1. Since A:THR216 meets every condition but one in (1) buried (at least 16 other Cβ atoms within 10 Å of the Cβ); (2) over 26 Å from A:GLU471 (Cα atoms); (3) not hydrophobic (A, V, I, L, M, F, W, C), which condition does it not meet?
2. Quick one: how many residues across region A:409-422 are over 24 Å from the mean Cα position of the chain (by Cα), part of a strand (DSSP E or B) and either within 30 Å of B:GLY52 (Cβ to Cβ) or small (Gly, Ala, Ser) (or both)?
3. Hey, any hits in region B:19-40 for a residue that's within 14 Å of chain A (Cβ to nearest Cβ) and buried (at least 17 other Cβ atoms within 10 Å of the Cβ)?
4. Which ones in region C:153-185 are small (Gly, Ala, Ser) and either more than 16 Å from C:LEU207 (Cα to Cα) or at pLDDT below 95 (or both)?
5. May I ask you to verify whether A:TYR240 is surrounded by fewer than 24 Cβ atoms within 10 Å (Cβ to Cβ), farther than 16 Å from A:PHE188 by Cβ and aromatic (Phe, Trp, Tyr)?
6. Using the structure shown, decide if B:PHE98 is at negative phi, in a strand (DSSP E or B) and at the interface with chain A (Cβ under 10 Å from one of its Cβ atoms).
7. Having 1 or more residues that are acidic (Asp, Glu) and at pLDDT below 90 is the bar; report the strands (runs of 3 or more DSSP E) wholly within region B:1-65 that clear it.
8. Does at least one position in region B:90-99 carry a residue that is more than 17 Å from the chain's Cα centre (by Cα), among the aromatic types (Phe, Trp, Tyr) and within 25 Å of B:ARG50 (Cβ to Cβ)?
Amino acid sequence: MAAANETRKAETKLAVAELGEKYKYGFVTDIEMERAPKGLSEDTVRFISAKKSEPEWMLQWRLGAFRRWQEMREPNWARVHYQKIDYQDSYYYAAPKSQSNKPQSLDEIDPKILETYKKLGIPLHEQMLLAGVAVDAVFDSVSVATTFKAKLNEAGVIFCPISEAIRDHGELVRKYLGTVVPVTDNFFATLNSAVFSDGTFVYVPKGVRCPMELSTYFRINAQDTGQFERTLIIADEGSYVSYLEGCTAPKRDENQLHAAVVELVALEGAEIKYSTVQNWYPGDEDGKGGIYNFVTKRGDCRGNRSKISWTQVETGSAITWKYPSCILRGDDSVGEFYSIAITNNYQQADTGTKMTHLGKNTRSRIISKGISAGRAQNTYRGLVSVHPRAENARNYTQCDSLLIGAQCGAHTVPYIESRNRSSRIEHEATTSKIAEDQLFYCTQRGIPAEEAVALIVNGFCREVLQQLPMEFAVEAQKLVGISLEGSVG
Amino acid sequence: MLEIKNLHVAVGGQEILKGLTLSIADGEVHAIMGPNGSGKSTLSYVLAGREGYEITQGSVLYRGQDLTTMAPEERAAQGVFLAMQYPVEIPGVTTMTFLKTALNAQRRARGEKEVDAVGVLKLVREKAKALNVPEEMLKRALNVGFSGGEKKRLEILQAAVFQPSLAILDETDSGLDIDALKLVAQGVNALRAPDRAMLVITHYQRLLNYIVPDRVHVLSAGRIIKEGGKELALELEARGYAQIIKDAA
Amino acid sequence: MTSLAMLRADERAKAGEAFAARGLPHRRIEEWKYSDLRNTIGANDVSAAGSVAWSLPHTPQGLEVLDLSQDEIPGWARAHWGKLRGQGVMEDAAIAFSTGGLALRVPKGTAVREPFHMNLIAGGHGRVLIVLEEGASLTLVETHDASQALVNIEYEIALGANATLQHIRRMPNAADAVRVGTVSATLAKSACYRGHFADFGSKLSRLETNLTLDGAGAEAKLSGVAVLAGKTHADVTTHIKHAAGDTASTQLFKLVAGGQARGVYQGRITVAEGANKSDSRQTAKGLLLGERAEIDLKPELEIFADDVKCAHGAAIGDLDAESLFYLRSRGIPEREARDLLIHAFLADAIAEIEDEGLRAEIWRAVEAALVYAEAAP
């Protein structure tokens, strides 16, 4: 039996060695790019704004953000450690040259780009698409294709690149942009406000149930380039929309910065369901390379009886710094946060949520599952705050951590603050490892150890996986397995 | 089917099995009886390949092959099944998902074609009916919140689904009332076949009223101290372990 | 050879410099997020506060009590004095601005049967050193009756193998006082620290407990209640570090806030790499009785080992409406029913105190405090 164990250990080592190969989205598309000059200055901001043919107010908004950003300091309170980022040693705009005029139809898109998305499993030809999912594809700094626009138009739903929305729906964008995540919110959000290049804009009109799932697929391709996308979703009174985003990037030894801002506004009776499968390149098994993912996501339940639900599956990135939050402003509004964060090798994740209860009878629910393997560090950080006027507010939080291996860490940092006596907050957290008897039970029934780990971890995450739309859930389950390969020994 | 020769096994440096010899032919049902701490569960874990059980001497041949070098999942794929005394709970993984994953992993390892979801469902339903395992149980997370009887029934259901060549039943009777015991025994008896051997490990004789063994072995302090036919179980029940051990010493 | 007096002067000077450089902690400092000292007291008031005074009515047999203001102190005290403290700025203040201090020692294998009472009779800064040698045990009961502007005590505690210290602190209401107590304790193999308190609030009250479980079998059992009314504040801050494997810690805190009071619990559990088989439980619950009261909880886990059992639970709410209705439907008047439920809420934390007499005294104090906590503003 000792021999069997040795064999298995050797296999595990092999699996670890191969792990770098397991990231199947690590390829690079060879395509000619147009870039802004390297570095960050007012000129960079002007360059981006001009590229997008933006109105003056937008440029001024960006410049205001840039000036503010210069006075800000990078935050250091999260449990992530990384080499100081040189903000001058990066490109802030990179777009495929072939896309300098936004293609009017899919036939005009550079075949190399179409091929890239095909390889990523996101076919852009509408006839090939899964029924019922519209896609906005963002390639480095620009949106290259948006599908099903016509069909959505019929329902009155606006689904387009934000750069287009700034031009075509200026008043709407101006009314809401920066109202959930103010320009001055935090270092990374302010940087994004100055240099964001593209992203998705969604507006669902009053009483409309969006006829299909909307999604954005973000791809970083260019070297030494940061991606700064900005997404703004507005669900008008009584409307409903489900939105998904996915992300990948090539394998590179250098770290690349991704600093996005997502703002959601739900008006009276509206509901927004926002799902993310984040699979940026995580770096190799020695911790080299990978995306630095500093993201500000916040939803404002502005109207009574509105609801915002975040679901995230975070398996990629060298560093994840992300707290999708809900401001429960309207009475009877509901906020949800379902999260799976998996870190392996040298990955670091510091993620969680903020639920700010302002309105009466507001409810929030937080389910967080953190899985840490290899030498990774995984932190849940969350705030539940009940303000004095939030009569009868309710929160339930369940935070579970699973450790695989003796050299990783799992941390839980919840802040629970209540200033209303009729409110009720409950928080539970556990930390455990995959029990040896569970693993043995599975292997005794013939399931190989790695598959058994994936099975057990998927079970551990089930409550969150169930929140994902069907097509995504299957992908996410597979991803859970892939992310943990090489983690048992 | 199974040839165990002079098996010595240590757990945490302490020797538990001290020269156990046992052989089971195809189609036979053997019972191992013994008092608590005699090494019954150790034997079952060693056969299934659990980590932490160190073989210091002796050999185990299964269908002529050395069993001891195989990983647990290889043994399972080769037809070794252990119905555990304490089946493990796995939250979030439904019983049906588990059955499908395990069945297909075994088939894959044997180079057989995998069975699709519909096929597995059909197979499981058919077996479940015979064991009175309700459909609803298959949808629940594996063993989570199951009663003792439900857990044991599920173990036998798995044996029926996987169709092992060697089934080891570790204290399958513990924690069962008489009705549940009969049901489980029926399930086990249905599995008797000319190409299948079974090793029934138990503390009490009562299970053997329902699963009648071909041979009975008495295990004490890591060794087989007495062997005989099915009547040996009755003798044990009548005279008690202490007396038999004393006689054998 | 430098004299002890010189060493001490040097230590005080260094701490004074550190205090001056760091200033009073405030809400922008993470550890003091919910307890803003800078807004509560002036730095000059802190540096001018002088030394505390204790009344020690009786020294039980087996316990050695030493006044550290004298020039000659024995080796055991010198060995530990100033070496166990943490990095807190209020510890700097206690060292800088107090003269002398108290040192307690229980020699190897000695079980001190009677509790040792320390009654605080005048505020200021203070230092307490407690050394329990191998197998020794002691029950220490502190009562802080002083209501002066500032009480700031720094405790350094060394528990030898198999030693047990039961440390109980009673903090009566002192609406105008600022109270800070910082305990730093190191536990050797199979040592046990039981820390229990009842805090009835002051302008700002902070009881901080930092424990290092250094040897296998070491155990920490902490419990406490805070019953607050008016504009009072009570902050329980703990950091338990499982530095060795096979160590255990439990924490059970109950906070009741009436009027405009604020109750705070910040607890961090750290399990170091390799500290396997650590078992750690943490429960903190808040009951909000006042319309303008606030409770803040921050139960933190920091885990670097995989073979551990860690769980925390936290909750904040009002009395359960259904239970209240049930009791009233059985004829119990509302007032009584509420009292009954509040008692039930606090009971398990108080039950942790072993001595029956002490428990009864604390219950009496709790009952008196509840009258104020239940009254509007």
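1. Of the numbered conditions (1) buried (at least 16 other Cβ atoms within 10 Å of the Cβ); (2) over 26 Å from A:GLU471 (Cα atoms); (3) not hydrophobic (A, V, I, L, M, F, W, C), the odd one out for A:THR216 is (2).
2. Applying the first criterion (over 24 Å from the mean Cα position of the chain (by Cα)) to region A:409-422 yields A:416-422.
Filter again for part of a strand (DSSP E or B), leaving A:416-418.
Among the residues that remain, those that are also either within 30 Å of B:GLY52 (Cβ to Cβ) or small (Gly, Ala, Ser) (or both) are: A:418.
The qualifying residues number 1.
3. No, because not a single residue in region B:19-40 is within 14 Å of chain A (Cβ to nearest Cβ) and buried (at least 17 other Cβ atoms within 10 Å of the Cβ).
4. C:ALA158, C:GLY160, C:ALA161, C:ALA163, C:ALA174, C:ALA175, C:ALA177
5. On the way: surrounded by fewer than 24 Cβ atoms within 10 Å (Cβ to Cβ): yes; farther than 16 Å from A:PHE188 by Cβ: yes; aromatic (Phe, Trp, Tyr): yes.
Yes, satisfied.
6. On the way: at negative phi: yes; in a strand (DSSP E or B): no; at the interface with chain A (Cβ under 10 Å from one of its Cβ atoms): yes.
Considered against the rule, which asks whether it is at negative phi, in a strand (DSSP E or B) and at the interface with chain A (Cβ under 10 Å from one of its Cβ atoms), B:PHE98 comes out as no.
7. On the way: elements: B:2-11, B:14-24, B:29-33, B:53-62.
Of the strands (runs of 3 or more DSSP E) lying wholly inside region B:1-65, none has at least 1 residues that are acidic (Asp, Glu) and at pLDDT below 90.
8. Of all residues in region B:90-99, those more than 17 Å from the chain's Cα centre (by Cα) come to B:90-99.
When the remaining residues are screened for being among the aromatic types (Phe, Trp, Tyr), the result is B:98.
With within 25 Å of B:ARG50 (Cβ to Cβ) added as a condition, the list becomes B:98.
Looking for residues that are more than 17 Å from the chain's Cα centre (by Cα), among the aromatic types (Phe, Trp, Tyr) and within 25 Å of B:ARG50 (Cβ to Cβ), one finds at least one in region B:90-99, hence yes.
The values are calculated or read from the model by the stated rules, or taken from the named source; none is laboratory data. Since the model is a prediction, treat every value here as computed from it, not as a measurement. Heads up, the Cβs are rebuilt from the backbone with ideal geometry, glycines too, and the neighbour counts pull from every protein chain shown.
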